[in-house]
Amino acid sequence: MSETSSATFSPRIVAFLCNWCSYSASDLAGTSRIKYAPQVRMIRVMCSGRVDPTFVLKAFALGADGVMIAGCHPGDCHYIEQNYKTLRRYHLLRRMLQQIGIEQERLRLVWASASEGPQLAQAINDFVAQIRQLGPLGWSQHWQEDGQRQAALEAIVQEHASAMEVPIE
């Protein structure tokens, strides 16, 4: 991608933020007037462990250029060990994305406590810059636009989960 087009490309990023830590960190960044990229659409979930892999794949299917999952630091989860579940799912998703032709770098996992607003803002800005360098996802290069992307992704998830014998839950 040329330098001018990467400078004008405005990526669409979906971020799933844990209610207890990372969403509070984003709130802290906002109240502290720390600026971070406006291209990120934040979705608050009670825990990063509640982010189902199909949520991530659906975000890509509906046009996201990148997806971020942010949660409590390992060992500090309000739901005991759910962020370890998040970490396992993250690695599974990265393998799946690679197998379906999407760069692994389009998915990012961030740990941020409620007091780490500046660090979360920096992670968001870094991720937006990385996605800007990668360029648009360009779904039209992967599938014809026939309205069946979500069904195709769900089939891929089921196929790979059973082939790897890895439970999605």
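The values are calculated or read from the model by the stated rules, or taken from the named source; none is laboratory data. What you see is a predicted model; the values in this text were computed from it and never measured. With ideal geometry, Cβ positions are generated from the backbone for all residues, glycine too; neighbour counts draw on all protein chains shown. Each accessible area value is taken on the protein alone, full model and side chains, heavy atoms only, with ligands, DNA and RNA left out. Shrake-Rupley method; radii C 1.70, N 1.55, O 1.52, S 1.80 Å.
A few remarks follow.
- Those trypsin sites (Lys or Arg not before Pro) in the range 22-82 that DSSP places in a loop and that have at most 12 other beta carbons within 10 Å: R33, K35
- The residues of the range 97-136 expose on average 43 square angstrom of accessible surface per residue, using a 1.4 Å probe on protein heavy atoms.
- Accessible surface, per residue, of the range 20-82 when the full set of protein chains is kept, probe 1.4 Å, Å²: 51 Å²
- With R₀ set to 22 Å, the beta-carbon distance separating F55 from R95 gives a calculated FRET efficiency near 0.80.
- Placed amide H near R44: partners under 5 Å, 5+ positions off or other chain: L17
- Counting only heavy atoms of the protein chains and using a 1.4 Å probe, M42 has close to 60 Å² of accessible surface.
- Rough spin-label spacing in nm, given labels placed 7 Å along Cα→Cβ, for A151 and T31: 4.8 nm
- Computed FRET value (nearest 0.05) for T8 with H73, which takes r as the C-beta separation and R₀ as 30 Å: 0.25
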